[in-house]
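**Student:** Let me give you the structure first, and then I'll get to my questions.
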Amino acid sequence: KLEEIQVLVWMPGVGASEFLTLPPVDGDAIKVHLTDPQTQQRRVKSYAVLKSSKNASGFRDESILSSAINTLYLYTNYIFINKTGLDMDFRHAMTGHRSFTMKQIPVVVEIFENQRKNLSKEWEASDRFGRPKDHDAIDLPDKWKWSGEWISSDWEYAKDFHGGFHSNCLQGDHVRRRKWTRVREAKDEKMSSTVTLFGGTTKPITNKIAIRLMDKHVQTNWSNTIPLSEAVANNVISLPHLSIKKTFFDISVVFELHRLFPSIKVIKFYPRYISVNLTTRHRQLYLRPSFQKKEKKKKRHSLMPRRASMPARSPISSIDRTTTPSPDNPSSASNSESFPYDEKDDVSRELPLFSKNVSPTDEMNYGIPLHWFNNTAKCYVECSADRKQWSNPFPIHEIAQYGFWLPTEDGEEIIRVQVDNFF
């Protein structure tokens, strides 16, 4: 009997709940509090709901036996997804409690080794698109390290990569695969997880959080409060520098509803600027920030209306070799002033050549984030093909299309720039 079953919910790196009785089938959800076993403090407030197979999301089994299957769902009110590539810290803004950021747990990496029979009926490396792939070619990000060695499963066979796989090689099977697994773990035990769960408070109006960056090279103070329960539009928030006044780090915030459970709100944090190299002849380009000196402007009394800060489109033919398309027309990169970085000698970002046959989502996931502080709302960058000769500064803070002159060994070349918004 279901009413006699008790379960315990445990989440690695967070804690466990007490033993609780299952909720009624297709009834109301019950609260599940996950408690830290060391401090005995509640870490995450979640909910449990039990649904029959006919009401379970994504359940496709229509057999008679499926009528006896019930699915237990565990969920929270809010899910935070950190896509900045930097360690982020969360806290409840109204109560000022300590951080509730989840720590990164080990991750199991899985990759399939695919092979296909050639004309000589010999097995050779191939994936579903005919390109060889090797598990040893996986490079981990700097913050990760391998734990243990690769472990492979037995070969599975099928007629093609779209068919069902089985353990024995039968007549007519032309492809096979085996799965390689390996565990990766964070180099720093205190590394923040990219996903953090938040149950919220009893009063929805008090569901407000603050964030900060606590990365090795980017550290900020706490942000202003971010409301969660209200209908919040996508926006950009500025995180103040940890010690330097009037210096900020911009983060883009995107609010979405969960695909299967609309009652769950998913909040994603992205870098404000993502750069992608879509040129055809430069396999590597480099970008670095250009911080403009603030000049005191004299007050002028004029009846003429002020011009817009930047035209919507700036044709290449109108660009002079000695100027830039920036509205302030900084004369050269020498106007850039020094700025605080932990890696002052390597502020530039390398942009490898990126395939053009991608969707905007791919560009968002695989583009190079520009993790830079700024002292104004405007952002200027300089570009180089060799890290020796740099272009004049050009703006990337407004949606526009224009061109600039890129210094190369053969002279100068016009590069087209397109600044767009993904959201």
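**Student:** For the range 140-148, what does the Karplus curve 6.51 cos²θ - 1.76 cosθ + 1.60, with θ = phi - 60°, yield as ³J(HN,Hα) per residue in whole Hz, taken in order and with x for Gly and Pro?
**Tutor:** 7, x, 4, 7, 10, 9, 7, 10, x
**Student:** Once amide H atoms are built 1.01 Å from N in the peptide plane, which residues 5 or more positions from Val183, or in another chain, come under 5 Å H to H?
**Tutor:** Here the answer is Val109, Ser147, since their amide H atoms fall under 5 Å of that of Val183.
**Student:** How many angstrom lie between the Cα centre of the range 223-265 and the Cα centre of the range 147-163?
**Tutor:** 41
**Student:** As a test of reading the structure, rank Asp215, Asp26, Asp420 by solvent-accessible area (1.4 Å probe, protein chains only), most first.
**Tutor:** The ranking, largest first, comes out as Asp420, Asp26, Asp215.
**Student:** Using the Karplus curve 6.51 cos²θ - 1.76 cosθ + 1.60 with θ = phi - 60°, what ³J(HN,Hα) values do you get for each residue of the range 273-282, in whole Hz, with x for Gly and Pro?
**Tutor:** These are the phi-based 3J(HN,Hα) values: 10, 10, 10, 10, 8, 10, 6, 9, 10, 9 Hz.
**Student:** Right, another one. Ranked highest first by the average count of other Cβ atoms within 10 Å around their residues, in what order do 264-272, 160-168, 110-118 fall?
**Tutor:** Averaged packing, sorted descending, gives the order 264-272, 110-118, 160-168.
**Student:** Oh, and also: Non-local amide H neighbours of Gln104 (under 5 Å, H modeled in plane, Pro and chain starts lacking H): which ones?
**Tutor:** Those qualifying (amide H under 5 Å, at least 5 residues apart or on another chain) are Met191, Ser192, Ser193.
**Student:** So who's got an amide H within less than 5 Å of the one on Leu285, skipping anything under 5 residues away but keeping other chains? H placed 1.01 Å off N, in plane.
**Tutor:** Amide H neighbours of Leu285, under 5 Å, 5+ apart: Leu351.
**Student:** I've got another one for you. Would you list the P(r) distribution for the range 176-251, with all Cα-Cα distances sorted into 5 Å bins from 0 and each bin expressed as a whole %?
**Tutor:** Whole-percent P(r) values from 0 Å outward: 3, 11, 16, 17, 16, 13, 9, 6, 4, 3, 1, 0.
**Student:** Given the Cα atoms of the range 104-186, and with Rh set as the inverse mean 1/r over their pairs in the Kirkwood sense, what is Rg to Rh to two decimals?
**Tutor:** Over the Cα atoms of the range 104-186, Rg/Rh equals 1.06.
**Student:** Give Lys121/Lys159; Lys117/Lys159; Lys83/Lys203 a once-over and call out the pairs whose C-alpha atoms are over 18 Å from each other.
**Tutor:** The answer is Lys83/Lys203.
**Student:** Right, another one. If the limit is 28 Å between Cα atoms, which of Lys145/Lys268; Lys103/Lys246; Lys45/Lys190; Lys268/Lys378; Lys145/Lys179 go over it?
**Tutor:** Going by Cα-Cα distance, Lys103/Lys246 fall outside the 28 Å limit.
**Student:** In whole Å and largest first, what semi-axes does the C-alpha gyration tensor of the range 226-271 yield when each eigenvalue is scaled by 5 and square-rooted?
**Tutor:** Over the Cα atoms of the range 226-271, the semi-axes work out to 28, 10, 8 Å.
**Student:** Pop out the ³J(HN,Hα) list for the range 380-392 in order, Karplus 6.51 cos²θ - 1.76 cosθ + 1.60 with θ = phi - 60°, rounded to Hz; leave Gly and Pro as x.
**Tutor:** Going residue by residue, I get 10, 9, 10, 10, 8, 9, 9, 6, 10, 9, 10, 6, 5 Hz, with x marking Gly and Pro.
**Student:** Separate question: Per residue, how many Å² of accessible area does the range 202-248 show with a 1.4 Å probe?
**Tutor:** 59
**Student:** If I take every Cα pair under 8 Å that is 6 or more residues apart in the range 169-259, average their sequence separation and divide by the length, what percent do I get for the relative contact order?
**Tutor:** Averaging sequence separation for qualifying contacts and normalising by length gives 17 percent for the range 169-259.
**Student:** Here's another thing I want to ask about it. Which listed residue (Gly172, Ala125, Ile111) has the Cα farthest towards the positive end of the charge dipole for the range 104-186, taking +1 on Lys and Arg C-beta and -1 on Asp and Glu C-beta about the Cα centre?
**Tutor:** Farthest towards the positive pole: Gly172.
**Student:** For a test of the definition: using alpha carbon positions, the gyration tensor, and the 1.5 limit on a/c, classify the range 149-298 as rounded, prolate or oblate.
**Tutor:** prolate
The values are calculated or read from the model by the stated rules, or taken from the named source; none is laboratory data. Keep in mind that what you see is a predicted model, and the values were worked out from it rather than measured. Glycine gets a Cβ as well: all are built from the backbone with ideal geometry, and neighbour counts include every protein chain shown. Only protein heavy atoms, including side chains, enter the accessible area calculation; ligands, DNA and RNA are left aside. Shrake-Rupley method; radii C 1.70, N 1.55, O 1.52, S 1.80 Å.
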